[in-house]
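Computed from the coordinates by the stated procedures, all read-outs in this text should not be read as laboratory data. Source: prediction; values computed, not measured. Please note: Cβ atoms are built from the backbone with ideal geometry, for glycine as well, and neighbour counts cover all protein chains shown.
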């Protein structure tokens, strides 16, 4: 259980500065998600917190202690990798207990701790298997088990679900959320998937090009994005964003309206022809060409009949518009 | 299988029979003949079989020299291969994992070990200065020096297929560099280690010239040098010479037969990302 505090943290690879001065306060027991497009520095930032990457300047505090120059193993952190990084030559039991055996704990204690972690993650029947005999989800659980046994103050996850298929991913999302509730530990989670960020986080940190764009709870970011970047990144399908002449007419430099906040019907300021339809079952995503604004995406009820070539008038719901 | 594949297969089998099997059969036939018949060096069926008497005579020759030679060769092979595997894996690991500006220079040094032929006389001077000339451990070091470049080459390319995440997971688990190497990386190098062991032990066991140059002395004899026992300027006992060849060919052959699958696996690993 610990706070993580980053103060003016920067990172340069040679002349290239990839993390440009980050200040962040992650509270005790919080589930914090770093999200951003690839190359935004989110994984680098996580690796700096873990100690696998040096910090060029600034300080990192974990649990009130400055760990900036500390060895990773002395920081009280555990990390789950995207590739799981299980030791292929060791059984599940030895994988989970590897860190404990390095710390020269008594065998009986290691056994007890490993079995306790396995119990928690429903891995007990797999303890004597090798990683290659496990499915993706089971491997992921072993990797989590390996981090649990170390009783870390902070858990770090580096895109842990991106190698799983969609169904398993949503199941693991729930399991991780449950695990967080059960352990009550501070967790920092890196993903490029805004759905993971929205569904799991207490606090989302949106990163772009080595800087923090916005920090807030999922609904804060959804309802009150601070910049067009955050507005476009959070929410699926993407918010409709317009700049130039269209935005000037709306009295701002960038105007945004989410697809779910557009009413399609016979009235509205914008006309449009349906170009493309994505049926998701409960919802239908309609892509339209509009003479007034160009491209326009709207979300409508799944059971509403709509065909390519249909003409609609589109009206943004008042109070749901975003002006930047 | 098409007709064309069938016939190319037959031709390949025929060529390899001529190249590999026939010489071996020739050795075996001469080895069981008596002295007079063997000296004709014919590829005909032996008139009388002398397998056991030839074998005993070869083993007993020069006060059981062959047994001493087996012992020496085994010590040299095991010693050199052990050092080669440990050093090769360690150097390969550091070269592959640690980025430093010295890497290209070190790599050039490793490559030059493959490209520059060793010079015998200066090597003997060095050995003499270090008091390693005519010693078994000196011979082991020579083999390590000759084989190290190739071992590093194999290990380095194999290590590049082991994800760095594993090293990092071990670091987070609290492993020190040597623990990462011995407890995580080395166990994963098994396929390429088998390759290095087999290739190098066969080369070292079969080595003739290096032992001839660097390890003179009756008590230092290695298996390949026992071939001189039955060859001289005026008389050669071909039946015993070939029996000797047969005896010293068998150990590497057995090693090769058991491990050839793994050798190919280790050689090609790293060529294509799996």
Fully extended, how many nm does the chain gain between residue B:49 and residue B:190 (0.36 nm per residue separation, minus their Cα-Cα distance)? 46.3 nm
With eigenvalues of the C-alpha gyration tensor scaled by 5 and rooted, the protein assembly as shown, Å: 70, 30, 23
Inter-centroid distance (Cα atoms) of region A:292-324 relative to region B:66-81, Å: 84 Å
If each residue of separation counts as 0.36 nm, what is the full-extension length gain between residue B:82 and residue B:41 once their alpha-carbon separation is subtracted? 10.7 nm
Give me the extension gain from residue A:209 to residue A:7: residue separation times 0.36 nm, minus the current Cα-Cα distance, reported in nm with one decimal. 70.9 nm
For region A:4-230, diffusion coefficient by Stokes-Einstein and Kirkwood Rh (Cα), 20 °C, 1.002 mPa s, µm²/s: 118 µm²/s
Restricted to Cα positions, what overall size does region B:37-152 have along the principal axes? Three whole-Å values, descending. 69, 35, 25
One point scatterer per Cα, no solvent, Debye formula: log10 I(q)/I(0) for region A:242-323 at q = 0.11, 0.14, 0.27 Å⁻¹ comes out as -0.27, -0.44, -1.41
Using Cα-Cα distances under 8 Å and only pairs 6 or more residues apart, what relative contact order does chain B have, in percent? 31 percent
Simple spin-label model, 7 Å along Cα-to-Cβ: residue B:67 to residue B:15 in nm? 4.6 nm
For the ranges A:255-266, A:278-289, what's the packing order if you count other beta-carbon atoms within 10 Å of each residue, average per peptide, and put the highest first? A:255-266, A:278-289
One finds the C-alpha centres of region A:271-285 and region A:82-144 to be spaced, in Å, by 47 Å
Here the alpha-carbon Rg of chain B over 2.2 N^0.38 Å rounds to 1.24
Distance from the Cα centre of region A:179-237 to that of region B:1-53, in angstrom? 76 Å
Quick P(r) readout (region A:154-280; Cα-Cα; 5 Å bins; whole %) gives 2, 8, 15, 18, 17, 14, 10, 7, 5, 2, 0
Given chain A, what percent of its DSSP beta bridges are antiparallel, to the nearest 5? 75 percent
Just from its helices, what would the mean residue ellipticity at 222 nm be for chain A, if runs of 4 or more DSSP H residues each count -39500 (n - 2.57) and the sum is divided by every residue, rounded to the nearest 500 deg cm²/dmol? -8000 deg cm²/dmol
Rough spin-label spacing in nm, given labels placed 7 Å along Cα→Cβ, for residue A:246 and residue B:124: 8.8 nm
